[in-house]
Amino acid sequence: METLYITHPECRLHDMGSWHPESPQRLDAIGDQLLSSGMMPHLAECEADVAGMNDILRVHAPEYLAFLQNQAPRHGYRSLDDDTAMNPCTLPAAWAAAGAGITAVDAIMRGKAETAFCAVRPPGHHARPSQAMGFCFFNNIAIAAAYALEKHGLRRVAIIDFDVHHGNGTEEMFEHDDRVLMCSFFQHPLFPSTLRDTGASNMVNVPVPANTPPEALRAIVAEQWMPRLKAFAPEMLFISAGFDAHLEDDMGQLGLTEADYAWITRQLVQLAAESAQGRVVSMLEGGYNLSALGRSVVAHIRALSKM
């Protein structure tokens, strides 16, 4: 069964300035690498439906949504913090990015595919219930997971985040929610420099220092994530797929390569086959070296597709 490749033209129109690493060219780099690798004909391309207000409000406060709507500029840019800004296309892109995960969930639950990759921006895992931060406005992965739980009646879902940065917003939204198990590793100290010590038993979020070797990160997956994930037996997996831990990406210093991303993805696909009928939704987060991003996404999608 083909892997769904979900995106939306609005996602390319969001722009925070020519200097900004979270650029529209990220989606171009992914598309170019999928074409040049020969992967694109093996994917089922799909345009995302736009999220509805209720979808956003499952994880975000209504006051926050009103704030974003009031801040949206008619022209030019409006900064919300030092590295997160809006242009006139930001909110339409954010609605589309959030909708991509919902589109993926619906398609997979209806048996149209087992796995999906959502090539969307802005990213989402730093977005808190009432705050935009770290290039993120809506928490796309949290919105998709909450939708699967409520609309499709799933009882257990897992969120896996291998971005170099801590998915602080996702953690905040689901800590102590026993329907959700979140597993991640991330470089620390590094933005957002938040380590929540709430004792939440459903969080397996492992901070690691700069220059932690890939072998040690694979060991975290094998020895810390996988036993908890297997015991939890999720009915669907959600991946916050950030590729800024790549050796060539200056955002962090963890040194992963395409082979590491493929290995991690294969472990998750195998787990999904055992407990979740193969159901995996992956959503783009970070990754700012354009060549490394494109190559890593190709490796990730190959593993999602069992190729």
Take residue 111 and tell me if it is more than 30 Å from residue 305 (Cα to Cα) and surrounded by fewer than 14 Cβ atoms within 10 Å (Cβ to Cβ). no
Counting only residues in the stretch 254-288 that are under 17 Å from the mean Cα position of the chain (by Cα) and assigned to a loop (DSSP other than H, G, I, E, B), the one farthest from residue 98 (Cα to Cα) is identified as 288
Against the definition (farther than 23 Å from residue 284 by Cα and polar (S, T, N, Q)), how does residue 198 come out, yes or no? yes
Out of curiosity, is residue 35 in contact (Cβ under 8 Å) with a residue 24 or more places away in the chain, assigned to a helix (DSSP H, G or I) and not small (Gly, Ala, Ser)? no
Confirm whether residue 194 is at pLDDT below 95 and under 28 Å from residue 257 (Cβ atoms). yes
The residue from 277, 270, 253 that alone is modelled with pLDDT of 95 or more, in contact with a strand residue (DSSP E or B) (Cβ under 7 Å, 6 or more places away or on another chain) and either surrounded by fewer than 24 Cβ atoms within 10 Å (Cβ to Cβ) or closer than 23 Å to residue 179 by Cβ (or both) is 253
Pairs, please: C-beta under 8 Å, at least 6 apart or cross-chain, first residue among the aromatic types (Phe, Trp, Tyr) and in the stretch 73-93, second surrounded by 14 or more Cβ atoms within 10 Å (Cβ to Cβ) and modelled with pLDDT of 95 or more? 77/16; 77/85; 77/86; 77/87
Given the condition more than 20 Å from the chain's Cα centre (by Cα) and under 25 Å from residue 289 (Cβ atoms), answer yes or no: does some residue in the stretch 55-77 qualify? yes
Considering only the stretch 94-122, how many residues are among the polar types (S, T, N, Q) and part of a strand (DSSP E or B)? 1
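The values are calculated or read from the model by the stated rules, or taken from the named source; none is laboratory data. Because the structure is predicted, anything quoted here is derived from the model rather than measured. Quick reminder, even Gly has a Cβ in these numbers, built from the backbone with ideal geometry, and neighbours come from all protein chains shown.
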